[in-house]
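J.: There's a structure below that I have some questions on.
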Amino acid sequence: MVERLVLASGNKGKLKEFHQLCAPLGLHIVAQSELGISEADEPYETFVENALAKARHASLAAGLPALADDSGICVRALGGAPGVRSARFAEAAPTRQAQDEKNNQHLLQLLASSADRSAYYTCVIVLVRHPKDPQPLIAQGHWEGVITDQPRGEGGFGYDPYFYLPTLKRTAAEISEHEKNQLSHRGQAMMQLVEQMRGQGLIGADR
């Protein structure tokens, strides 16, 4: 049974979402930054490879099972970009908020003359029981939307203010935290992961 996990992320938005998603399961999540663990390199071209690298790095440093995700927004008119480069799509900025703003403005510039604004968030979550786990649990989520020209909403992070959900007629930054955890790419991936954890006996069936 798994009761305590190290989360391989320093992103405050992700940390908040994972705490909310894991709380009903009775899982205690500790951020790698709280343990003085640096962020792992993410040199790969796929979400799953980056997530696995981050999970193994955190598990080795903490001596705990580790949970990691790699996620991003994929825009069809840009051939799937920014994809795995979503967090650092534009030139480097001094803070994460400033980086988000630069990333969004860069995305809008690239889409200025495009009629196709369809996009989707994707998320791959990996759980390793130990650093050399030969059978990591891997789950994936997918969330469809459209890129808007003007930001809307105060919630979320990253590209959320520009990620419009036609079925809800709101952006990802306008929906509640509860709604986002139910609908989002990360929420979907986490639900898949929970089922896998139950199947492996890592958490009880009642969680």
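J.: Within the stretch 86-121, how many residues are of a type in the set (A, V, I, L, M, F, W, C) and touching a residue at least 40 places away in the same chain (Cβ under 8 Å)?
T.: Qualifying residue count for the region: 4.
J.: Okay, moving on. So which pairs qualify, if the first residue must be in the stretch 5-33 and under 18 Å from Ala51 (Cβ atoms) and of a type in the set (Gly, Ala, Ser), the second must be assigned to a loop (DSSP other than H, G, I, E, B) and at pLDDT 85 or above, the Cβ gap must be under 6 Å, and the two must be at least 6 apart or on different chains?
T.: Close Cβ pairs (under 6 Å, with a partner that is assigned to a loop (DSSP other than H, G, I, E, B) and at pLDDT 85 or above) amount to Gly10/Glu39; Gly13/Phe157.
J.: Tell me which residues, restricted to the stretch 122-146, are free of Cβ contacts under 8 Å to residues at least 40 places away in the same chain and not in a loop (DSSP other than H, G, I, E, B).
T.: The answer is Glu144, Gly145, Val146.
J.: Out of Ala77, Ala61, Ala68, report the one residue that is more than 30 Å from Pro134 (Cα to Cα) and modelled with pLDDT of 95 or more.
T.: Of the residues listed, the single one that is more than 30 Å from Pro134 (Cα to Cα) and modelled with pLDDT of 95 or more is Ala77.
J.: So for the stretch 138-146 (the condition being of a type in the set (Gly, Ala, Ser) and in contact with a His (Cβ under 8 Å, 6 or more places away or on another chain)), does at least one residue qualify?
T.: Yes, the stretch 138-146 contains at least one residue that is of a type in the set (Gly, Ala, Ser) and in contact with a His (Cβ under 8 Å, 6 or more places away or on another chain).
J.: Consider only pairs whose beta carbons are under 7 Å apart and that are at least six residues apart or on different chains; among these, list those whose first residue lies in the stretch 160-188 and is under 17 Å from Thr122 (Cα atoms) and without any contact (Cβ under 8 Å) to a residue 60 or more places away in the chain and whose second residue is β-branched (Val, Ile, Thr) and buried (at least 21 other Cβ atoms within 10 Å of the Cβ).
T.: Asp160/Thr171; Pro161/Thr171; Tyr162/Ile147; Tyr162/Thr171; Tyr164/Thr171; Leu165/Thr171
J.: Starting from residues that are buried (at least 21 other Cβ atoms within 10 Å of the Cβ) and assigned to a helix (DSSP H, G or I), keep the ones in the stretch 158-179 and report whichever is nearest to the chain's Cα centre (by Cα).
T.: Among them, the one singled out is Asp160.
The values are calculated or read from the model by the stated rules, or taken from the named source; none is laboratory data. It should be emphasised that the depicted structure is a prediction, and the values quoted were computed from it without experimental measurement. All Cβ positions, even for glycine, are placed from backbone atoms using ideal geometry, and neighbour counts span all protein chains on display.
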